[in-house]
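In what follows, a single structure is set out as structure tokens and then discussed.
Bear in mind that the values in this text are calculations on the coordinates, not laboratory data. It should be emphasised that the depicted structure is a prediction, and the values quoted were computed from it without experimental measurement. With ideal geometry, Cβ positions are generated from the backbone for all residues, glycine too; neighbour counts draw on all protein chains shown.
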Amino acid sequence: MATLDLDRDDLFSFEDNFFSLMALQKYDPKLITQTRQAWQEERKFLREVIAPVALAEDRKHAADPHYISWDLLRLAARHGRLSNFIPKIMGGSGKGAGLSMPNSEEMAAVDAAYSGMLGGHGLGLVALLMTFNMKVVQRVAQKIVENESKEKPYVIDCAITEPAAGTDVEEIELYPKARLSCQARKVPGGAVLNGRKVFISTGHMAADHVILMPFDIKDAVNTYGCFLVPTDAKGFSLGRKERKMGQRAGPASELIFEDCFVPDENIAMSALEFSEPKYRGQFKALLEGVLGLTRTAVGAMSTGTARGALERALALARRVKHKGRTLIHQQWAQALLTNMFMNVMMARSVYFEAQFAIMTNLGGGGMSGAMPGFMNSDLVRKIFQSRGVQKIFTSTWLRKKMLDRMIDLPPEQNARIQFMSSMAKVVGSDMAMENCQLAVEFLSQAGLRHDQGVEKVFRDAKLLQIFEGTNQLNRLNMFKHAFARRLPGVEVF
Ligand SMILES: Cc1cc2nc3c(=O)[nH]c(=O)nc-3n(C[C@H](O)[C@H](O)[C@H](O)COP(=O)(O)OP(=O)(O)OC[C@H]3O[C@@H](n4cnc5c(N)ncnc54)[C@H](O)[C@@H]3O)c2cc1C
């Protein structure tokens, strides 16, 4: 059985890839050392464990549309890949300390489908984190850690898209025109959900589902709730699993709610829960906070995908002959491969700028994808787990403080995060597609053959231009935040 031959042993080291981090080393040596260690460990794991099974896994999906990549998920779990971003103070391994974006790039460079599979889970976690409901966040973190060695590892997803509302739920100004159909209803002791969500990443693998749904469709932005729904909840069912062209290891699922009751303890956020009107702004803060982080992460994934295409093309160029000479010795091939390399470097520069925009405008720490060192200290863990600290950590007082910070973020700071994260996503995914296009054309027959890997990267890459808001929508979002807000009278949406 053919496996991926990445043939790229240390062509590029950490130092070759991440110049801006090298510049930062002087100011925060610990952060950079942790980032390097986590990246090296991740790279080793990906090459040794994921690369050998990636193509075979893709073929299983082609052969059986109902196939679920449990084996791949178990591999990730067994190697601690579901909990490495959970700090030690919350019971995780904390191995993913440092900046996380380089690891997202690495995952996609080896297998964009694997990174897509974990992406749905990551999206769910970011959405939950942005509710700042630490009781629910801690419960979920604990389940991830406890179930990592089990037959069915614990993962979550995040559902906002509805059958007639995709782009419209990715942009706050489009909500009043959106054709929403899902609605929650408050009942004693909880809420009842009705409706259908579609194209939800990781849906058929998730044990709990993070559901975003309004209490009033006509005033959706001000009435959204965030609900944690277990797969075995009464009134919940899984619908179809989409037969999609790429990233097949991560199922895209339909979720169905028919009078599905969610108890109060599983309502992570409700825009109606506080009496102060300002907290009606929770959902806008959550949506923009989530998209700022996840679009940057998609930028990193896309950079990895662009690099995956380059590395496979490079490997084949050393074997494929054209007019009796291997491609790698031909000038036109060298120029083309260099173009692909430039695309990778451009995409990486933009996602790093986006990461820095988050760090400087929102603050460092976990919220920007960097786990601060103290979160892995044994001493801090003991203090953190004490009853007194837990009481404060899970208190409404602290939750409101964190919500205030997001809701009151100055518009110019928010705008920088929004347009940079959209740019990371658009530039990265466009570069990924361009590199795939170049690689397939360059390699001709070999580029089209499944066993050579480039064909799979091509199919995996296309999806990056669509999720987290289509690239068209993200371009408009960039225009809104970079230009329109400075130009009176210019409206975008
Ligand atoms: C693989 C995959 C995984 C996904 N995972 C998730 C997930 O985990 N959770 C989740 O909630 N959703 C998920 N989605 C849904 C995704 O976010 C939507 O597909 C995306 O937002 C686009 O919505 P749509 O497909 O309904 O397209 P539509 O909204 O129908 O758009 C169709 C076309 O019209 C354009 N368009 C629409 N409105 C405008 C406008 N106002 N201005 C300019 N152009 C416009 C779009 O750019 C697009 O080209 C996933 C999608 C895919 C493909």
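Computed packing ranks the peptides 473-486, 338-351 as 338-351, 473-486, most packed first, by mean other Cβ atoms within 10 Å. Computed over Cα pairs, the Kirkwood radius of the range 1-154 leads via Stokes-Einstein (1.002 mPa s, 20 °C) to a diffusion coefficient of 127 µm² per second. Rg then Dmax, both in Å and based on the Cα atoms of the chain: 22.2, 77. As a quick test, which of the pairs Lys88/Lys135; Lys400/Lys480; Lys30/Lys401; Lys218/Lys401 have an alpha carbon distance above 26 angstrom in this structure? From the list (Lys88/Lys135; Lys400/Lys480; Lys30/Lys401; Lys218/Lys401), the Cα-Cα distance tops 26 Å for Lys400/Lys480; Lys30/Lys401; Lys218/Lys401.
When every Cα-Cα distance of the range 155-273 is counted in 10 angstrom steps from zero, the calculated P(r) takes the values 15, 48, 32, 6, 0 percent. The alpha carbon gyration tensor of the range 383-430 gives principal lengths a ≥ b ≥ c with a/c of 1.5 or higher and a/b no greater than b/c, which makes the shape oblate. Rounding to the nearest 10 and keeping the result within 0 to 90°, find how far the Cα-based axis of helix 134-146 lies from the longest principal axis of the chain. For helix 134-146, the angle is close to 40 degrees.
The gain in end-to-end length when the Asn194 to Leu448 segment is fully stretched comes to 87.0 nm, 0.36 nm per residue minus the alpha carbon separation.
Electrostatic bookkeeping for Leu21 treats Lys and Arg as +1 and Asp and Glu as -1; over the other residues with beta carbon under 10 Å from its beta carbon, the sum is -1.
Would you mind classifying the range 210-315 by shape? Square roots of the alpha carbon gyration tensor eigenvalues, ordered a ≥ b ≥ c; an a/c under 1.5 is rounded, otherwise it is prolate if a/b is larger than b/c and oblate if not.
Note, shape of the range 210-315 comes out oblate.
Distance between the pseudo-spin-label points of Lys323 and Gln437 (7 Å out from Cα toward the beta carbon): 2.6 nm.
Within 11 Å, Cβ to Cβ, of Gln437, how many net charges do the neighbouring residues add up to if Lys/Arg are +1 and Asp/Glu are -1? Local net charge: -2.
Comparing Val350, Met375, Val110 along the charge dipole axis of the chain, the residue lying farthest to the positive side is Met375, per the Cβ-charge model. Mean residue ellipticity at 222 nm, helices only, the chain: -16000 deg cm²/dmol; runs of at least 4 DSSP H residues each add -39,500 (n - 2.57), and the sum is divided by the number of residues. Net charge of the neighbourhood of Arg348, taken over other residues with C-beta under 12 Å away and scored Lys/Arg +1, Asp/Glu -1, is -3. The angle between the Cα long axis of helix 471-482 and the longest principal axis of the Cα atoms of the chain comes to about 60 degrees, rounded to the nearest 10.
Packing, as the average of other Cβ atoms within 10 Å across residues, places the peptides 167-180, 412-425, 261-274 in the order 412-425, 261-274, 167-180, highest first.
Within straight-line reach of Lys321, meaning a Cα separation under 15 Å, sit the following aspartates and glutamates at least 8 residues removed in sequence or on another chain: Glu441.
What FRET efficiency, computed as 1/(1 + (r/R0)^6) with R0 = 56 Å and r the Cβ-Cβ distance, is obtained for Lys401 and Ala335, rounded to the nearest 0.05?
FRET efficiency, Lys401 to Ala335: 0.55.
Taking square-rooted eigenvalues a ≥ b ≥ c of the alpha carbon gyration tensor, is the range 259-385 rounded, prolate or oblate, where a/c under 1.5 means rounded and, failing that, a/b exceeding b/c means prolate? Prolate shape, in that a/c is at least 1.5 and a/b is the bigger ratio. Taking the centroid of alpha carbons for each part, the range 474-493 and the range 268-324 are 22 Å apart.
Just want to confirm a number: the relative contact order over the range 1-128, from Cα pairs under 8 angstrom separated by 6+ residues, in percent.
On the way: 100 pairs, mean separation 36.6, N = 128.
Answer for the range 1-128 is 29 percent.
Look at where the Cα atoms of the range 144-166 and of the range 404-434 average out, and the two centres are 25 Å apart. Using only Cα atoms, find the angle between the long axis of helix 101-110 and the longest principal axis of the chain, and express it within 0 to 90 degrees, rounded to the nearest 10. In the chain, helix 101-110 runs at an angle near 50 degrees to the longest axis.
For the pair Asp232 and Val492, a Förster radius of 45 Å applied to the C-beta separation gives a FRET efficiency near 0.55, rounded to the nearest 0.05. Simple point charges give the picture: +1 on the Cβ of Lys and Arg, -1 on the Cβ of Asp and Glu, and for the chain a dipole about the Cα centre of about 360 debye. Both radii were evaluated on the Cα set of the range 343-417; the Rg over Rh quotient, with Rh as the Kirkwood radius, amounts to 1.10.
Cα centroid separation, the range 203-243 to the range 49-63: 29 Å.
For the chain, the residue among Leu327, Val490, Leu448 whose Cα projects farthest onto the positive side of the dipole built from Cβ charges is Leu327.
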